[in-house]
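Below you'll find the structure, written out as structure tokens, and then a few comments.
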Amino acid sequence: MKRLKNESALKIQAGVNQQEAINPHLTAKPFFSNRYSAEYYVNGISNGNRAILSQAITLVESKLSSDQEIAQKIIEACLPFSGNSLRIGITGVPGVGKSTFIETFGFALVQNHRKKLAVLAIDPSSARSKGSILGDKTRMEKLANHPMAFIRPSPSSGSLGGVAQKTRESIILCEAAGYDLIFVETVGVGQSETLVHSMVDFFLLLMLAGAGDELQGIKRGIMEMADAIIINKADGDNIQKAHITQLEYSNALHLFPPSPSQWTPKTAVCSSKDETGIDAIWNMIMDYQQFTLKNGYFEQKRNEQQFLIYKASIESKWQQLFYSDKSIQNMSNELSKLIENKKMSPYNAAERLMNYFIEKRNKS
């Protein structure tokens, strides 16, 4: 089109009208803001709002003091509504198929048994970048899209024990949201992940057929705590191997000392791919729950877990108090230089730093 003389080449177009938000509540408040009150989160959790539950867990996992203040209020308010679920820890060697098993097993429970399931999946954090992939929602796409399932991936953030630092608190929030079952999927790094045993009711260990003796060091510590050992990937040409491996583990379990629950650990085979053996595993878990409820161990373990949370919280608070002290930070840097220059042993430096902290607290 020919432009007229003295007509500017710049012209403001009318454009399109702004569309209304699909969710009208998003226009009233930002999607995530610390300006929300604890009551807002508690109400959302109790109403089963998965978005608000996710936001609350994010607050709990935050290390900011402002976030922790409101997070503790949320946890306190949710405590009376927690404790009504069955907590199941799921662990296993890397490559055993934990995510596939959880999706297959979890989908069967929400679809066929009408259970409301929360999956707390722990992803390992990079020691270099401190980041995590957090890809469990993409690996469990079918389960993640089910309205009765909630999947929350969390970074381990350097926490040992195969779980995130705030997994216990996340369990409380999920239970307050009305979830009947809580799955805690661990990192799967070996014996250090046995901490998950202290926060669940049933500890399920996934193994592979023909894993070899090179994994015995990983197996032993966890096997002694397992309530059930499941041989996964029992499909195709691997079925016979899986049953042989099951028999081997059944014989090995009899050599272990009796568990505090007096429950004899069971073994089973399954295929997450072919969806076989799933119902047998659920029946096994139900048998365990009835057995431990009857002999009182179920409630006893729950009480022990409360005291473990209490002790862990004290240790966490003391650690936070210690490292947040500026003078401690300065002295720690000085001692680090002495250690680096080989003028002081790490043990002596640690003792000196602790003595300094104690003396300072006594003077104040």
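Values quoted throughout were computed directly from the atomic coordinates according to the rules given, and no laboratory measurement underlies them. These numbers come from a predicted model, not from an experiment. Neighbour counts run over all protein chains shown; Cβ positions are idealised from the backbone, glycine included.
Key figures for this structure:
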item: Modelled FRET efficiency - R0 45 Å, K273 with E359, Cβ distances, 0.05 increments; result: 0.15
item: Length released on extending from Q72 to Q300, taking residue separation times 0.36 nm less the Cα-Cα span; result: 79.6 nm
item: Counted charge near I281, where neighbours are those whose Cβ lies closer than 13 Å (Asp, Glu -1; Lys, Arg +1); result: -3
item: Inter-label distance for K343 and L293, nm, one decimal - labels placed 7 Å from Cα along Cα-to-Cβ; result: 6.6 nm
item: Set K233/K266; K142/K233; K166/K363; K73/K166; K116/K233; K63/K166 screened for pairs whose C-alpha atoms are more than 22 Å apart; result: K166/K363; K116/K233
item: Residues with amide H under 5 Å from that of I151, placed H, sequence gap 5 or more; result: V119
item: Dipole magnitude (debye, nearest 20) for the stretch 319-364, charges at Cβ of Lys, Arg, Asp, Glu; result: 100 debye
item: From phi via Karplus (6.51, -1.76, 1.60), per-residue ³J(HN,Hα) for the stretch 281-290 in Hz, x at Gly/Pro; result: 5, 5, 4, 4, 5, 5, 4, 4, 4, 5
